[in-house]
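Only one structure is covered here, and it is reproduced in the block below.
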Amino acid sequence: MTEPQNLTRKIMADHLREGRLIVGEEIGLAIDQTLVHDATGQMAMLQFEALGFPRVRTKRSLIYSDHNILQVGFENADDHAFLSSAASRFGLHYSKTGNGICHQLNVERFAVPGETLLGADSHTTTGGAVGQLAIGAGGLDVAVSMGGRPFHLPMPRVIRVTLTGALGPWVRPKDLALEVLRLLGVSGGRGSILEFAGPGLAGLSVTDRATVANMSIETGAITAIFPSDDNVLEFLGKQGRERDFRRLAADPGATYDGEMAIDLPALEPLVALPHSPDNVAKVAGRAGIKVDQVAIGSCTNSSFSDLMAVAAILRGRKIAPGVSLVIAPGSRQVLLELANRGALADIVSAGARLMEVACGFCNGVGQAPRTDGVSLRTSNRNFPGRSGTASAGLYLVSPETAAVSALKGELTDPRVFGDAPVVVWPDRMGIDDSMILPPAPEGADTPIQRGPNIAPLPRFAAPGETVQGEAMLVLGDNVTTDDILPAGAHILALRANVPALSRYIFSNIDPAFHERIRAAGCGFVVAGNNYGQGSSREHAALVPRYLGLAGVVAISFARIHKANLCNFGIFPLEFVDPGDLAGIGKGHKLRLLGLGPGLAPGAVLTMENETTGKSLRVRLDVARRQLDMLLAGGLLALEASAGRRNQP
Ligand code: MIC
Ligand code: SF4
């Protein structure tokens, strides 16, 4: 008899192409679907082309236009022309601007229980809401999987999160997501997949689960997954996708690598205070903070149920005079349903500003708050500067807390408001996929449109056996990819143009970084725990490499960023003795010794600090595959040197 399996391992076993399902060992998973968007897709498609793949080999691959939608110059329109033409040529579907946010659309239209999805966006995890094993990665990893090759990662620990009871009135899935963050912090989920289970699931719809799966990445987890049960069947039915349904759950008696339990009735409305999503407090304890802006939307909370509840709260009322309320529906389907039910009229009558169906304010594309402003948001990240205003404080809350607070003008516990809204779903949502363009037939030879914003891919050389450079920055714990390459409309517009983008690396921390590293020619960044947390943006590795960054020495790394560093030939080095961090100062001259063909994965290397005269030991904790890339100067250089051709 085979042993009972948890849900994660079942899906992994179905997709295992390399390795063994032993925690910590590298595995290669077959990928059924991929997604990229207009902030990560430019590089992914240029890399796909450079790898020589003629056509995608997945069941379905999509490019979404949702992040980079402001057109104040030619750049974003150039990028969209490039992306849609590349999609058509290489066999991907292209979701046009105005159709919606990739993760919302994936859950509505494409996610299939039991399948794998690899997305060039950290919140790809949202697909876990329907039992899809949905993982975020850098664009180059997604390009490789688009070409039909497995995706590699260390076999995670699977943590069962058992939910009991039901959420009380006005307590929402966002509060559950924040509770998970309160319990785990921004790095407590590293190396793990959170598998939700228990009787509490019955009261959570797919859109509720999507909020929780979405924010699982904020704990550092690889992803989260929910069983595919009656609630999933009901949701897929409303999307006309009953045929995609497959009932999936852990076997009774399945074992896990860790356990957590959350009693839903014990939860209260929660808020993540500035400047980290794990800085969680009870709304009741912070009520009364004056609010300048309330922003409802993002891939965390922009579903039909979220916005219908918001509309019900706003109905017949006006927002407080000092508040700017902005609302961005997650998809065109959601927007049309709101319009057809009169909810849009309730939203607009209350004084809200209706935003484009896109990521928008979530990553600083518009709606930057005033200096020192307080912005209440339903999104998932409140890192410093992410809104576009460095001094603003972002508070993350549920849509219900956001709407009630917009009416009151201050952070308000929604439970004071009376009866909680009850959202009634239609039997079937309006289905119209006409903004998703299919690719041209194979062999159609579609030309790829390359405007001046599409710069050629930079190429990198192999390192020598010794690498010498300055400690360009010495940083603390939890450095985010927003710190490395900030969000914001003007920077996002340059995602296809590495030389132009390079001016912004670490610009919020040290505006002179770009010039300093250029002058030094080669350098290291030194940091504490969980370096590179947050987004999947591979530009946070690619662009520093372009500027001459040879290595990052840290106590530990966030998974996606570490993989991105290897892909672009930057050495991710971990202090053997974390106490050595204190001995390195900005500007110290460092020498990394012992690189070369004899090196083995997990090797401990010597780093000399020429400024202090001391030596320290650093571990190169990477897989063989990654070591080969690092020694070749990155994945593209390795492929070129191996003469690998991906032609059929
Ligand atoms: C984010 O939420 O930070 C983004 C913008 O969606 C990123 C993607 C990117 O920066 O390219 C992510 O989460 O991966
Ligand atoms: Fe878009 Fe924000 Fe979601 Fe990132 S977190 S995908 S920027 S909505």
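Just so you know, all these numbers are worked out from the coordinates, no wet-lab data involved. Being a predicted model, the structure only gives us computed values, none of them experimental. Reconstructed Cβ throughout: ideal geometry from the backbone, glycine too, with neighbour counts over all protein chains shown.
Observations
- Principal axis analysis of the Cα atoms in the range 319-410 yields extents of 39, 26, 19 Å, listed in decreasing size.
- Equivalent-ellipsoid semi-axes for the range 361-400 (Cα gyration tensor, √(5λ), whole Å, largest first): 15, 10, 9.
- Reported to the nearest whole Å, the Cα centre-to-centre distance from the range 344-407 to the range 553-629 is 39.
- Positive-pole candidate from Ile296, Ile313, Val357, dipole of the range 287-378, charges at beta carbon: Ile313
- The chain, helix-only ellipticity at 222 nm - DSSP H runs n ≥ 4, -39,500 (n - 2.57), divided by all residues, nearest 500: -7500 deg cm²/dmol
- When you count the other C-beta atoms within 10 angstrom of each residue and take the mean per peptide, 414-425, 287-298, 108-119 line up highest first as 108-119, 287-298, 414-425.
- Calculated diffusion of the range 37-91, Stokes-Einstein form, Kirkwood radius summed over Cα pairs, 4 °C and 1.567 mPa s, µm²/s: 111 µm²/s
- Geometric descriptor of the range 1-134, per residue, is 122 Å³ (volume of the convex hull of the Cα atoms).
- Ellipsoid semi-axes for the range 211-328, based on the Cα gyration tensor and the rule √(5λ), read 32, 22, 13 Å when sorted largest first.
- Formal net charge of residues neighbouring Leu92 (Cβ-Cβ distance under 11 Å; K, R +1; D, E -1): +3
- The range 356-465 - charge dipole about Cα centre, Lys and Arg +1 at Cβ, Asp and Glu -1, debye rounded to 20: 440 debye
- Sequence ranges 147-154, 483-490, ranked by mean other-Cβ count within 10 angstrom, highest first: 483-490, 147-154
- Put simply, when 239-246, 396-403 are sorted by average Cβ atoms within 10 angstrom per residue, most first, you get 396-403, 239-246.
- Nearest-ten-degree value, helix 41-50 long axis tilted from longest Cα axis of the chain: 40 degrees
- For Arg353, the residues whose amide H sits under 5 Å from its own are Leu325, Val326, Ile327, ignoring neighbours fewer than 5 places away on the same chain, with H placed 1.01 Å from N.
- Residue-by-residue Karplus 3J(HN,Hα) for the range 302-319, coefficients 6.51, -1.76, 1.60, Hz, glycine and proline x: 9, 7, 3, 5, 4, 7, 5, 5, 4, 4, 5, 5, 7, 3, x, 10, 10, 6
- Hydrodynamic radius of the range 140-180 per Kirkwood, over alpha carbon pairs, in Å: 14.1 Å
- Cα-Cα P(r), the range 509-647, percent of pairs per 5 Å interval: 2, 10, 19, 23, 22, 15, 6, 2, 1, 0, 0
- Per-selection Rg to Rh, the range 444-584 - Cα, Kirkwood hydrodynamic radius: 0.99
- Only Lys, Arg (+1) and Asp, Glu (-1) charged, at Cβ; the chain dipole about Cα centre in debye: 640 debye
- Here is the tail figure for the chain: Cα pairs spaced more than 41 Å apart come to 22 percent of all pairs.
- Between helix 173-184 and the chain: long-axis angle, C-alpha atoms, 0 to 90°, nearest 10: 40 degrees
- From phi via Karplus (6.51, -1.76, 1.60), per-residue ³J(HN,Hα) for the range 445-457 in Hz, x at Gly/Pro: 6, 5, x, 8, 8, 10, x, x, 7, 9, 8, x, 5
- Residue-wise HN-Hα coupling along the range 228-237, computed from phi with Karplus coefficients 6.51, -1.76, 1.60 (Hz; x: Gly, Pro): 9, 10, 4, 5, 6, 4, 4, 5, 5, x
- Debye intensity ratio I(q)/I(0), log10, the range 357-447, q values 0.11 Å⁻¹ (C-alpha model): -0.55
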